[in-house]
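Everything on this sheet refers to the single structure shown next.
What follows is calculated from the coordinates using simple rules that are stated; it is not laboratory data. Predicted model, so just to flag it, every value in this text is computed and none were measured. Here the Cβ positions follow ideal geometry from the backbone for every residue, glycine too, while neighbour counts run over all protein chains shown.
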DNA sequence: ATAAATCATGCAATATCGTGCAATGTCAAG
DNA sequence: CTTGACATTGCACGATATTGCATGATTTAT
């Protein structure tokens, strides 16, 4: 790779990710960190980026950029939640995964809609107090990181349900490596629900499109729908279309 | 995450939330509190924010608006909660009923105490996120009035536990008619837990001392302790002493 | 007054950085 | 083709930055 190409790549990554980490890029390109650092140093001198400890940030607006990024993130989650809520029909049994994205689904659901909602997240369950919906709470040992019930008890309870839709939330997804999550026990629960879901498994994801956790869940082939933020760009969405995933942009 | 990004995130949170809590941010970003504190200290020195005990505020904080706290529970309930928490020993299995009074028990429990807490209330379970305690969530159909799990699934899960203490909360009590609650299904759950409790059943009650619900639960004879607000007057307490109830005033 | 939470400080481990230097590659003049 | 100037790259090494932990002080809440 030519130096010019490499530096163009750095600018491209800055525009795409909003950051560049020296060590990671060096490993990815199989170069010494010195080379990357020299690039960053020279480009910073040329005003093309802002050098920080550990990498570089865009020169234009590092701080405001983060603000808008985060603000958009919550806005994205609300849009995803509304799109998901529109998939729900009266009388259905819905299973809600944990996480803030699925909390947005609850907020977007009409309070008077007669449905049944199952969840293994006490936080999600608590949000449903004002809803007419029948709520099935899946019990078990609470996994502290994401605060959802896990273990044999949870698996057994899940085995008695046939949800029409399973809203799988806030999990990393990759077109080749598949769905992934950070914890094995949590993954077992997700697999169990997916195995039970009679109709549709729907993944809501905002920004973690290409992320892969260390312990990824392979072999999830029946993922039928994926609700993604609009404006991602066809280049990032296309790989998922090839996996026969029904893409919904929100 | 780069240091610069983290500090930008702090400023963004300050703008969005009007405050930053050091411990919470450290946990969210999976960093030590020292790192966050160093950030806050340096940024305060740079005039980017105002350092306060526990976190930071925007530099342009208009007024010390400390009244944005959540609903403040009554003095009585806090006293009851503290008294109840003092009964808990390390290693025990505690079953917490639903209700705001038992939420105060959670608040009064030391976060580092190694215990196991079972509950059929998702609200109570959610409160335990910051605690070291192992949490067993009892699942089932959520009874909307009090938002606790009920039904056969809940009964089955309860049958597998032998709690050292069951904190029965916010239920009406009467020296003659016994404990009572407003709903049959909820009552069945309470009876089931009481039947399982190996050691002690403790009732926390503040004002409903002589109340009797239409469908009262009779035959609760193994109620060992009752935590009552101090200063009730012996005339109201005396009838309970005759039921061989261990009265604790808080 | 007492317990819990928070804080500041010092210290050690690790990561990152900058500089100097040698090895290699590029290229143009000879 | 050879040679030498120059650029690029990787490595070594000391300097600096960052982070986590331990400890005791301080603040807060009760």
Exercise. Sorting A:34, A:246 on the 10 Å Cβ count, fewest up front, what's the list?
Worked result: A:34, A:246
Exercise. If you rank B:130, B:190 by fewest surrounding Cβ atoms within 10 Å, what's the result?
Worked result: B:130, B:190
Seminar exercise, completed: Inter-chain shielding metric for A:129-140, i.e. average beta-carbon neighbours from other chains within 10 angstrom, reads 6
For this session: Would you please give the FRET efficiency between residue B:3 and residue B:235, computed as 1/(1 + (r/R0)^6) with r the Cβ-Cβ distance and R0 = 56 Å, to the nearest 0.05?
Result: 0.30
Problem set entry | Nearest-first distances (nm) between copies at residue B:107, label 7 Å from Cα via Cβ | 2.5
Problem set entry | Anisotropy class of the range A:118-164 from Cα gyration tensor, a/c 1.5 cut | oblate
Exercise. Which peptide among A:41-54, A:86-99 comes first, and what is the full order, when sorted by highest mean count of other Cβ atoms within 10 Å?
Worked result: A:86-99, A:41-54
For this session: Take every residue in peptide A:147-159, count the Cβ atoms of other chains within 10 Å of its Cβ, and give the average of those counts.
Result: 3
